[in-house]
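Quick note: the coordinates plus some simple rules give every number you see, no bench work behind them. Just so it is clear, the model here is predicted, and its values are computed rather than measured. Here the Cβ positions follow ideal geometry from the backbone for every residue, glycine too, while neighbour counts run over all protein chains shown.
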Amino acid sequence: MNDSPGWASPGSAPSDGQETGIPRPSSPVDGSGPVGQWSPEQPRPGQWSPPNPPADGPGAPPPPPGWGGMPPGGGWGGPPLAAKPGVIPLRPLGVGEILDGAVSTMRSHWRTVLGVSLTVSVITEVVVLLVQRYLMPEPTSVDPDAVGAEALRQATESMQSQLVSSAPAALLAMIATLFTTSVLTVVVSRSVLGRTVTLSEAFSEARPRLLPLLGLTLLLSLLSAAIMAVGLLPGMLLGGDAGIALAAVGFVAACVIALWLMVRFTLAAPALMLERQPVLTSLRRSAKLVRGSWWRIFGILALTYLLVIVVTLIIAVPFGIVAVTVDSDGLSEFLSNDSPDFGWPFLVITGIGEVIVSTLTYPFTAGVIALLYIDRRIRREALDLELARAAGVPGYDTPRS
């Protein structure tokens with residue numbers, strides 16, 4: 001398909017250095033260059049005269065409307081208004097336009113967006129509740145009075161228990177994010193062109209890319225885990241106070257490296273989906289698009305996830321309070337009991353809150369990342385011209401040679 005962003009091969013993009021098809025202006029003849037590029041008959045100096053009488057002379061016509069003022073659509077010398085066939089203007093985007101474009105996509109395609117995110121959120125939450133209720137072991141108790149080696153052993157066992165308990169939820173969340181990202185990236189690409197897309201159409205287009213996207217997600221997860229292992233392993237092997245200090249330093253260094261790589265590869269999923277690239281090529285495309293704009297992308301992603309946290313707190317905290325009140329005879333028991341045994345009412349109420357949060361945040365984050373990808377290609381590869389042509393904007397209907 002060639003009517004959506006990114007389907008054209010990126011190898012011909014200007015950022016790849018292939019600009020041989022761009023015409024160059026010919027040089028004026030100075031006596032030694034080729035003949036025939038400039039007309040040999042040029043007007044003599046001083047022969048040009050104004051076509052009308054001077055503006056301040058008698059009988060001068062009145063100035064046209066807008067003369068001396070600001071022309072419509074911008075100031076003198078300012079850029080013209082960009083075409084906006086869909087949720088974003090077809091030009092380099094600001095931070096607010098990226099966030100607004102993600103929200104506008106959710107509003108204009110709410111049936112498709114909510115159909116995807118709500119269905120995936122409900123299925124994921126139900127499976128997580130069943131796994132946590134029936135398959136997960138009881139959490140390891142920790143003695144607050146333990147000291148020395150015993151305290152370290154209990155802390156290690158507790159951490160292992162928490163990792164085991166959270167692993168199924170993390171895996172399901174990863175799969176849910178993968179599925180919603182694949183489908184919603186297609187929705188965002190259509191919304192940029194001002195076109196509608198049904199849930200079945202979006203899924204049909206995203207389905208062939210699900211396995212490569214799964215491979216990309218697993219590869220990035222293994223990469224992060226390997227970086228963390230390399231950072232923590234020396235300190236854990238050393239042991240003692242020196243080992244704890246070394247593990248802390250290694251953990252900080254591993255977090256920095258992992259963060260740098262995750263931002264560098266954050267556009268790999270849209271490249272894989274919209275350009276039909278293989279996994280490793282998508283990683284290279286992302287690294288190339290992010291180059292020179294790492295801090296900007298990091299700031300936009302940080303703001304995005306900050307907004308997600310705020311939305312999560314606004315929704316999850318009231319549901320949590322209601323769940324504790326209903327299932328534990330009030331907040332007093334929750335505050336006085338070290339390990340309250342919550343039952344189905346607590347799990348169901350908090351699960352409803354989680355579903356609402358996921359339904360809203362999945363499409364928002366997916367939309368921001370997809371629009372970041374489009375913005376970077378507009379800035380580096382003039383993708384706005386291809387988008388305008390695909391959207392049928394007047395004046396862009398001539399194919400680029």
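Hey, got a sec? Which trypsin sites (Lys or Arg not before Pro) in the range 250-332 land in a DSSP loop and have at most 13 other Cβ atoms within 10 Å?
Passing sites in the range 250-332 are Arg291.
Per-residue Karplus couplings for the range 316-322, computed as 6.51 cos²θ - 1.76 cosθ + 1.60 with θ equal to phi - 60°, are listed in order as 6, 4, x, 5, x, 5, 4 Hz, Gly and Pro entered as x. Looking at the range 175-248, none of the trypsin sites (Lys or Arg not before Pro) sits in a DSSP loop with at most 10 other Cβ atoms within 10 Å of its own Cβ.
Relative contact order for the range 206-275: 36 percent, from Cα pairs under 8 Å spaced at least 6 residues apart, divided by residue count.
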